[in-house]
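Below is one structure, written out as structure tokens; the observations come after it.
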Number of protein chains: 2
Amino acid sequence: MNTIFQQYHSIIKNTIESFFDRKFKELSVVNQWGSDLMNRLREFSLQGKLIRGSLLILSYQMFKKGTPDWILQIASALELVHSSLLIHDDIMDRDTLRRGQKTIFYQYKGLGDMQGSSDSYHLGESFGICSGDIGFFLAYEILSDLNLDPQSKKNILLLWSRELVYVGLAQMQDIYLSTPKALAGEEDIIELYRLKTARYTYSLPLMTGALAASQNQSTIHKLEKIGENFGIIFQIKDDEIDLFGTESNTGKPIGTDIKENKRTLLFLYLSELVKNEDRDSLRTIYNQRSLAPSDITLIRGIANRSGALEKLHQKIHDIKRKTEILISSLDIEERYKNNLHQIILYNIERTS
Amino acid sequence: MNTIFQQYHSIIKNTIESFFDRKFKELSVVNQWGSDLMNRLREFSLQGKLIRGSLLILSYQMFKKGTPDWILQIASALELVHSSLLIHDDIMDRDTLRRGQKTIFYQYKGLGDMQGSSDSYHLGESFGICSGDIGFFLAYEILSDLNLDPQSKKNILLLWSRELVYVGLAQMQDIYLSTPKALAGEEDIIELYRLKTARYTYSLPLMTGALAASQNQSTIHKLEKIGENFGIIFQIKDDEIDLFGTESNTGKPIGTDIKENKRTLLFLYLSELVKNEDRDSLRTIYNQRSLAPSDITLIRGIANRSGALEKLHQKIHDIKRKTEILISSLDIEERYKNNLHQIILYNIERTS
């Protein structure tokens, strides 16, 4: 994975840096938050792996040679949208750390403390809401300013607005499904994976690259499906890593989905397939507030002997097969098909 | 005021309704929140006075005859942006009521209660963040889809992104200035009024209408300044109404700025001009958690005898004079100049 995207990382990084250099100058005259926020957004955006932007450029190059400046601009805008969504997500999930750094809203909570605010946590949340909003507006500014033919520009803007509306609706559904009275079957869960992560992380960059390269509807539709499948596999694998991973690999505690009572596909398969003698243990552990290492071991055992893990692997395998057929049908050079296959393999084999 | 904008109200209302009819159909297939949110956003948007959208069409018609469909689309997009900003503002201000209805995040808090959520207030906040985000993306979708010449469309999109970034930065400043250790002078306060409300409520619609009518930079710059002055007068008057208004006219309690320790221009003038014998009363009342009718009467008296109210009126008068000169210099029909003068008068004479 790294080897495919490595080549794009530094050019996207440079484009993001130039953008924030310019915005820093423009907005530092507005008020103190202009410069303050541009610094924070710049650092936050560059901390990411820039996978979405890289995939977007890869997709463009599958159809057209070269790296015009405007494709780099679009890639930067996508990374900025991603950062802004994360800033809002971190408020909703009350996450105070991301990639070893304080999240944006939590950074501003610290500022509230220094100012003697009587409710600095809420001040942080409010600043975080504004920060994410500003990030969205800046991303649309980049898109609006592109020197691209009007029709492609319009298509890309319309695609992004549609997809970002989906992300918001899926986020609402995700929160809703975690409430006690909500019910979620396999279809609901896969649908959530598709809308909340898969389409915007994989389909959106792939489709945008192809739109920028003026490809036809049939190609764009294939990339849409390929992207969805990439993302669903990624997300199902995420469930597995949450239980079977190691803290040293993932950099976060094991079993957080269990603690937060998340309705993952693995959890669904577990509850469907668990044998009588294990049912009580499973229920007890899922109702606990904290997890001991022995609880993790026990659930791993149940996932194995119930067949839940095997069913999860079968699901991944089925989606992989369908995706391989789609990739074969694309009219692109063999090396790009290989790149797409490598993304599937990476998503399946990753341990963090 | 009403008479100028009355004619635009129903056509904007119809355009907003058609937009949400279409979106309801499109998004109800995504998940349950597609239809749920489109209904709420529709109702919330239509509750407003649609002043921004009306001003935008008025501005267009000052230069060009007719009401093309796309100008109605732009006006609707502006109302939708406004609603989305309010949705986020209400979370930050913890406002549970707006125009007699529950605010959007508070509506969703109720949904959390019904679902047995252990933290329904936070669920409401999270749904509110998503709702505002989705509103922004929908507004950009409308703008992206306009059948307008590419250059005008680009100019409008760039203008909006810039102005909305300013609104966000000003909102951060507003929150910051309410913290105990922050200091704010006259310039800071006027600057806040200019960036947070004036530019986006008045300059943005006036400038957008003129851009849509392909006017030159000099005209657009005049409208920008006129809009800023409209808004600053509106906001200064707001300070006065908060103290001298009546609850039956405004529909909200008198003295909320005092209770919330807001750094308004009136508060600044009061603290600068208060005479020795009144200084202690002023400080005591500003440090109280609740306000008695006698406190309001006392502060009204101080505002009068200290000269703070007179200084506020003088400030409004100065800005009014400058704005009248700017309006006279515009190359538009006399009746439109009269309309603009009426907006100033309305902003000065209003009691609610």
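The values are calculated or read from the model by the stated rules, or taken from the named source; none is laboratory data. The shown structure was predicted, so the numbers you read here are calculated from the model rather than taken from an experiment. Cβ placement follows ideal geometry from the backbone for every residue including glycine, while neighbour counts extend to all protein chains displayed. For the accessible areas, the whole protein counts, side chains as well, though only heavy atoms, and no ligand, DNA or RNA atoms are used. Shrake-Rupley method; radii C 1.70, N 1.55, O 1.52, S 1.80 Å.
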Residue that is farthest from residue A:60 (Cα to Cα), among those in region A:216-231 that are open to solvent by less than 10 Å² (accessible area, probe 1.4 Å) and in contact (Cβ under 8 Å) with a residue 60 or more places away in the chain: A:230
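Residues are listed down the side, and each one gets a yes or a no for (1) within 11 Å of chain B (Cβ to nearest Cβ); (2) among the basic types (Lys, Arg); (3) open to solvent by 20 Å² or more (accessible area, probe 1.4 Å); (4) touching a residue at least 12 places away in the same chain (Cβ under 8 Å):
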{"position": "A:93", "(1), (2), (3), (4)": "yes, no, yes, no"}
{"position": "A:102", "(1), (2), (3), (4)": "no, yes, yes, no"}
{"position": "A:112", "(1), (2), (3), (4)": "yes, no, no, yes"}
{"position": "A:125", "(1), (2), (3), (4)": "yes, no, no, yes"}
{"position": "A:141", "(1), (2), (3), (4)": "yes, no, yes, no"}
Residues (closer than 14 Å to residue B:270 by Cα, small (Gly, Ala, Ser) and part of a helix (DSSP H, G or I)) located in region B:282-314: B:301, B:303, B:306, B:308
Residue match in region A:316-333 (condition: open to solvent by less than 40 Å² (accessible area, probe 1.4 Å), farther than 21 Å from residue A:257 by Cβ and part of a helix (DSSP H, G or I)): yes
Count of residues meeting criterion [open to solvent by less than 30 Å² (accessible area, probe 1.4 Å) and either touching a Cys at 6+ places or on another chain (Cβ under 9 Å) or among the small types (Gly, Ala, Ser) (or both)] in region B:232-257: 2
Residue check for residue B:66: under 21 Å from residue B:231 (Cβ atoms) and surrounded by fewer than 19 Cβ atoms within 10 Å (Cβ to Cβ): no
Residue match in region A:129-136 (condition: in contact with a helix residue (DSSP H, G or I) (Cβ under 8 Å, 6 or more places away or on another chain), assigned to a loop (DSSP other than H, G, I, E, B) and surrounded by 16 or more Cβ atoms within 10 Å (Cβ to Cβ)): no
Subset of region A:282-312 [open to solvent by 30 Å² or more (accessible area, probe 1.4 Å) and either in contact with a Pro (Cβ under 6 Å, 6 or more places away or on another chain) or over 18 Å from residue A:263 (Cα atoms) (or both)]: A:292, A:293, A:294, A:297, A:298, A:304, A:305, A:310
For residue A:106: the one exception among (1) within 9 Å of another protein chain (Cβ to nearest Cβ); (2) surrounded by 19 or more Cβ atoms within 10 Å (Cβ to Cβ); (3) part of a helix (DSSP H, G or I): (1)
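Sort out which residues of region B:261-293 are in contact (Cβ under 8 Å) with a residue 40 or more places away in the chain and over 11 Å from residue B:306 (Cα atoms), and write them in order of number. Before you say what the answer is, go through the steps one by one.
In the first step, residues of region B:261-293 are kept if they are in contact (Cβ under 8 Å) with a residue 40 or more places away in the chain; the result is B:261-266, B:268-269.
Listed by number, the residues that qualify are B:261, B:262, B:263, B:264, B:265, B:266, B:268.
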Long-range neighbours under 6 Å by Cβ, at least six apart or interchain, first residue within 18 Å of residue B:227 (Cα to Cα) within region B:168-195, second aromatic (Phe, Trp, Tyr) and part of a helix (DSSP H, G or I): B:195/B:166
Condition met for residue A:50 (on the phi > 0 side of the Ramachandran plot, in contact (Cβ under 8 Å) with a residue 12 or more places away in the chain and surrounded by 16 or more Cβ atoms within 10 Å (Cβ to Cβ)): yes
Hits in region A:29-40 (condition: touching a Phe, Trp or Tyr at 6+ places or on another chain (Cβ under 7 Å) and open to solvent by less than 10 Å² (accessible area, probe 1.4 Å)): A:38
Unmet requirement for residue B:206, which otherwise passes all of (1) within 12 Å of chain A (Cβ to nearest Cβ); (2) farther than 30 Å from residue A:162 by Cβ; (3) in contact with a Gly (Cβ under 7 Å, 6 or more places away or on another chain): (1)
Residue count, region A:143-154 (criterion: assigned to a helix (DSSP H, G or I) and either of a type in the set (D, E, K, R) or at the interface with chain B (Cβ under 9 Å from one of its Cβ atoms) (or both)): 5
Criterion: within 30 Å of residue A:216 (Cα to Cα) and modelled with pLDDT under 95 - qualifying residue of A:67, A:3: A:3
Scope region B:156-197; condition of a type in the set (Ser, Thr, Tyr), surrounded by fewer than 22 Cβ atoms within 10 Å (Cβ to Cβ) and more than 8 Å from every other protein chain (Cβ to nearest Cβ); matching residues: B:178, B:197
